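Notes for the one structure printed next.
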Amino acid sequence: MSTTLKVAILGTGVIGAAWATGFLTAGHTVTAFDPADGAEARLRSQVEGNLEVTGEGDITSAMERLHFAGSLAESVGDADFVQENGPERLDIKQSMLAETDSAVPASAIIASSTSGFAPSELATKATNHPERIVVGHPFNPAHLVPLVELVPTPATPAEVVKRGLEIYRSIGKKPILVRAELPGHVTNRLQAALWQEAYSLVDRGMVSVEDIDTAISYGPGLRWAILGPLVQQGLSGGQGGMRHVLEHLGPPQEVWMRDLGQVHLGEELTDKLVAGVDDELEGKDPVLIAKQRDEMLLELIALKRKYGELP
Ligand SMILES: NC(=O)c1ccc[n+]([C@@H]2O[C@H](COP(=O)([O-])OP(=O)(O)OC[C@H]3O[C@@H](n4cnc5c(N)ncnc54)[C@H](O)[C@@H]3O)[C@@H](O)[C@H]2O)c1
């Protein structure tokens, strides 16, 4: 997509600033709105910091294309694409999206970054063209991680879905289409499945928090970051591929699946998990750890580009 888009960013906290960075880097114009005191200065400083980290594009040119509006209606008035990043509260999002829907051109797509609400729920107060309200769910740190989940409503036209996917690809994202509305979309459900068993194993005293992090980040996580869990599983079957793996290891795997724990995040388990993470972080600076994670992420993403996996 070579056209320059007018993009409105609503809510300029962590996620809004990350989206602004991505759209500006791709050459688009961004008009942001956030009612909090000092939001514009924080956004400018956050976006500048993000641009320095990614090292992509001309920072001066990007910052010149970043505008801040005095109201939501003003920011979306001539937008081609709106990305909503308000607080994760249904009532707030519904009213932001209803106001957006009544002020934005009929041809614009309105995407919400919501971590878990369904687009139909978010669109219930919109009366103009609620069918173009979709979810575009990013992953933190969202100025670096390419994944976006696009979730349409059953009423969303195929053309809107197609254009939404193209727009995300045009800013270097790797979108997936979630074909139905599910609480937590798809990726947070996958994470929840893993977290559930990790919490359960800690609760039962089977392993430390640190060893769970070691198990994933030095084991399957390395392979998952390259291929995902399913094609990777198929490769474990050698020439017989996925069919051989499932015939050979599927039956014991089903036994393990039936033994998985169900947890409740009550006070006792919460205390155990917090203590485990505190132990793991003892003597380390979380700010430095996050910085190092971002540096490694950039190198991983560069590797994926080198192998043609990302544009
Ligand atoms: N933080 C994450 O890891 C993450 C990841 C993916 C998706 N999300 C989703 O992104 C959205 C934003 O999350 P965040 O972490 O950036 O939150 P945040 O608290 O950092 O930012 C929310 C911003 O919304 C602003 N706001 C409040 N009312 C508003 C209004 N009426 N109009 C415009 N702006 C308004 C606030 O002033 C604040 O700056 C949420 O829906 C969240 O679920 C967050």
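The values are calculated or read from the model by the stated rules, or taken from the named source; none is laboratory data. Because the structure is a prediction, the values reported are computed rather than measured. Cβ: placed from backbone, ideal geometry, glycine included. Neighbour counts: every protein chain shown.
Residue by residue, here is whether (1) touching a helix residue (DSSP H, G or I) at 6+ places or on another chain (Cβ under 8 Å); (2) modelled with pLDDT under 95; (3) hydroxyl-bearing (Ser, Thr, Tyr); (4) farther than 24 Å from residue 297 by Cβ holds:
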site: 59; (1), (2), (3), (4): yes, no, no, no
site: 69; (1), (2), (3), (4): yes, no, no, yes
site: 93; (1), (2), (3), (4): yes, no, no, yes
site: 124; (1), (2), (3), (4): yes, no, yes, yes
site: 127; (1), (2), (3), (4): yes, no, yes, yes
site: 133; (1), (2), (3), (4): yes, no, no, yes
site: 136; (1), (2), (3), (4): yes, no, no, no
site: 154; (1), (2), (3), (4): yes, no, no, yes
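So, of the residues in segment 56-66 that are in contact (Cβ under 8 Å) with a residue 12 or more places away in the chain and either within 15 Å of the ligand (Cβ to nearest atom) or part of a loop (DSSP other than H, G, I, E, B) (or both), which turns out to be farthest from residue 4 (Cα to Cα)?
56
Any residue in segment 4-26 that is more than 22 Å from the chain's Cα centre (by Cα) and under 25 Å from residue 147 (Cα atoms)?
yes
Please work out which residue is farthest from the ligand (Cβ to nearest atom), limiting yourself to segment 130-146 and to residues that are under 16 Å from residue 14 (Cβ atoms) and not in a loop (DSSP other than H, G, I, E, B).
136
Might you let me know whether segment 263-273 holds any residue that is at pLDDT 95 or above, outside any helix (DSSP H, G or I), in the same structural domain as residue 203 (by TED's automatic domain parsing) and in contact with an Asp or Glu (Cβ under 8 Å, 6 or more places away or on another chain)?
Checked segment 263-273: at least one residue is at pLDDT 95 or above, outside any helix (DSSP H, G or I), in the same structural domain as residue 203 (by TED's automatic domain parsing) and in contact with an Asp or Glu (Cβ under 8 Å, 6 or more places away or on another chain).
List every residue pair whose Cβ atoms sit under 7 Å apart, with the two residues 6 or more apart in sequence or on different chains, where the first one lies in segment 5-17 and is in the same structural domain as residue 65 (by TED's automatic domain parsing) and of a type in the set (Ser, Thr, Tyr) and the second, anywhere, is assigned to a loop (DSSP other than H, G, I, E, B) and near the ligand (Cβ under 9 Å from one of its atoms).
Matching pairs, first to second residue: 12/34.
For the subset of segment 77-129 comprising residues that are aliphatic (A, V, I, L, M) and assigned to a loop (DSSP other than H, G, I, E, B), which member is farthest from the ligand (Cβ to nearest atom)?
Result: 106.
When you look at residue 24, is it more than 11 Å from the ligand (Cβ to nearest atom) and either assigned by TED's automatic domain parsing to the domain that holds residue 146 or not polar (S, T, N, Q) (or both), yes or no?
Spelling it out, residue 24 is indeed more than 11 Å from the ligand (Cβ to nearest atom) and either assigned by TED's automatic domain parsing to the domain that holds residue 146 or not polar (S, T, N, Q) (or both).
Residue by residue through segment 27-37, note down the ones that are closer than 18 Å to residue 170 by Cα and either at pLDDT below 95 or within 11 Å of the ligand (Cβ to nearest atom) (or both).
Correct list: empty.
Has segment 230-243 got any residue that is surrounded by fewer than 11 Cβ atoms within 10 Å (Cβ to Cβ) and among the hydroxyl-bearing types (Ser, Thr, Tyr)?
Looking for residues that are surrounded by fewer than 11 Cβ atoms within 10 Å (Cβ to Cβ) and among the hydroxyl-bearing types (Ser, Thr, Tyr), one finds none in segment 230-243, hence no.
Would you please name the residue that is surrounded by the fewest Cβ atoms within 10 Å (Cβ to Cβ), looking only at residues in segment 138-152 that are touching a helix residue (DSSP H, G or I) at 6+ places or on another chain (Cβ under 6 Å) and hydrophobic (A, V, I, L, M, F, W, C)?
144
Just checking, which of 145, 151, 134 is β-branched (Val, Ile, Thr), under 23 Å from residue 16 (Cβ atoms) and touching a residue at least 40 places away in the same chain (Cβ under 8 Å)?
The unique qualifying residue is 145.
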